[in-house]
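**Student:** Submitted below is the structure of interest, expressed as structure tokens.
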Amino acid sequence: MLKFFRPRRHSLDAVIRNFVSLGMQTAKAVTVPRHTLPVIVLAQFAGTSLWFAGNAVLPDLQQAYALPATALGAMTSAVQFGFIAGTLVYAALLLADRFSPSVVFLASAVLGALFNLGVGTLATSYASILGMRFLTGFFLAGIYPVGMKIASDWYAADLGKALGYLVGALVLGTAFPHLLRYSAADWPWQWVLRGTSVLAVLGGLAIWRTIPDGPYRQPGTAFRPAAVFSVFRLPDFRAAALGYFGHMWELYAFWAFVPILLTTRFPALPDATVSLYAFLAIASGTLSCVVGGYWSLRRGSAAVAFGMLLVSGLFCLLSPLLFALPAVLFLPLLLLWSMAVIGDSPQFSTLVARNAPPESRGSALTIVNSLGFAVTIVSIQALNYLLRAWDPAYIYLILAAGPAVGLWSTRRLLRKA
């Protein structure tokens with residue numbers, strides 16, 4: 001780039017020509033094939049179906065392998081730990097920059113699917129099952145973030161809308177194992193793991209075969225963990241990151257404990273019906289992600305993120321009252337809570353990306369992503385502990401701490417917007 005603008009003899013004419021040429025290149029619209037976003041979205045859905053596959057069959061695993069009552073928190077946290085480790089390794093090795101992101105996505109989907117299948121085949125003890133879930137989470141780092149990178153390589157100005165679809169696909173993928181468990185209630189539980197593994201591989205193949213490297217793909221810079229000490233000094237970046245952390249405190253703990261929430265309210269509900277309701281509750285967030293993406297084009301990402309976080313925080317505070325409501329009110333309100341708890345996610349990702357310094361954006365985003373998932377482990381384990389110490393109707397109160405921090409920090413971005 002410096003060479004491009006380096007003055008030559010009669011440099012004024014050269015500089016003028018260079019700027020005109022650059023302006024024409026920038027103005028030239030990039031033609032994106034119509035199949036690009038749908039394929040990325042479907043592949044993201046397929047790959048992230050591995051995330052909660054173990055949770056969907058947890059009652060069966062507990063019965064088959066005598067897993068403890070606290071296995072829900074441990075199983076979910078194992079995937080989260082694996083994802084954190086994976087994001088750091090993928091970033092440190094610059095895998096999505098040194099190789100085609102579509103190839104990285106395919107390889108990660110295949111490896112994640114294999115370790116997903118390892119539960120109940122190679123792994124039959126509690127420790128080995130947790131190990132398989134950890135490795136599944138590790139390779140999810142090559143599916144979820146790399147899928148978002150592929151989208152950013154193809155979309156520029158309307159990235160917020162594209163991320164709305166992608167996070168919506170993540171939501172649907174997260175919910176899908178519950179639907180598969182409901183649909184295959186009379187089949188062996190292993191079919192849930194097999195189905196999600198096959199789906200993940202098909203998603204990887206779809207990306208690899210139909211999505212080449214995008215026109216906005218740029219070579220990445222080396223991963224620099226030390227960048228965290230400088231980027232958090234920037235007020236706007238710090239505000240976006242803290243908002244994201246507050247959102248993450250609530251999100252995965254809520255998702256993991258949706259079946260517990262349902263069985264607390266409806267103790268006589270059959271397991272298959274719990275799976276169906278859990279799918280509907282989690283999957284409803286797909287709609288809020290997509291609608292929020294379009295809303296952000298008009299109101300801005302900060303307004304959408306603040307509004308969604310405010311609604312979900314109120315649900316956390318009022319959660320004990322939900323359990324006293326009749327089913328005709330409880331279930332629709334649960335859907336609204338689920339929509340609010342995830343609808344801010346793509347907008348916080350957009351805010352973090354926009355406020356990260358260009359020279360260290362890759363490192364900053366990796367660190368924020370890893371810290372965000374580390375936060376989820378703390379909140380999941382906190383709910384796991386309180387489930388044994390408190391009335392289950394009151395444990396969700398602690399999730400309100402996340403939205404409180406997020407709202408406080410996002411005010412700055414909302415004022416600037």
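The values are calculated or read from the model by the stated rules, or taken from the named source; none is laboratory data. Please read all numbers here as calculations on a predicted model, not as lab measurements. Glycine also receives a Cβ, built like all others from the backbone with ideal geometry; neighbour counts cover every protein chain displayed.
**Student:** Can you give me the ranges of the helices (runs of 4 or more DSSP H) entirely in the range 257-359 with at least 2 residues that are at pLDDT 90 or above, within 27 Å of A69 (Cβ to Cβ) and of a type outside the set (V, I, T)?
**Tutor:** 271-283, 301-322, 327-343
**Student:** Evaluate the following for L170: is it touching a residue at least 24 places away in the same chain (Cβ under 8 Å), closer than 29 Å to S349 by Cα, touching a Pro at 6+ places or on another chain (Cβ under 8 Å) and buried (at least 24 other Cβ atoms within 10 Å of the Cβ)?
**Tutor:** For L170, the condition - touching a residue at least 24 places away in the same chain (Cβ under 8 Å), closer than 29 Å to S349 by Cα, touching a Pro at 6+ places or on another chain (Cβ under 8 Å) and buried (at least 24 other Cβ atoms within 10 Å of the Cβ) - is not met.
**Student:** OK, next. Go through S288, S230 for me and flag whichever is out of contact with any Phe, Trp or Tyr (no Cβ under 7 Å at 6 or more places or on another chain), farther than 24 Å from G173 by Cβ and among the polar types (S, T, N, Q).
**Tutor:** None of the other options fit; the residue is S230.
**Student:** If I go through the range 273-296 residue by residue, how many of them are in contact (Cβ under 8 Å) with a residue 24 or more places away in the chain and under 17 Å from L180 (Cα atoms)?
**Tutor:** 11
**Student:** Another one. Do you know which residues across the range 111-143 are more than 23 Å from A69 (Cβ to Cβ), polar (S, T, N, Q) and crowded, with 19+ Cβ neighbours inside 10 Å?
**Tutor:** Once the filter is applied, which keeps residues that are more than 23 Å from A69 (Cβ to Cβ), polar (S, T, N, Q) and crowded, with 19+ Cβ neighbours inside 10 Å, the range 111-143 yields only N116.
**Student:** Restricting to the range 190-213, name every residue that is surrounded by fewer than 20 Cβ atoms within 10 Å (Cβ to Cβ) and part of a loop (DSSP other than H, G, I, E, B).
**Tutor:** P212, D213
**Student:** Just give me the residues in the range 94-112 being touching a residue at least 60 places away in the same chain (Cβ under 8 Å) and farther than 10 Å from L140 by Cα, in sequence order.
**Tutor:** L94, A96, D97, S100, P101, S102, V103, L106, A107, V110
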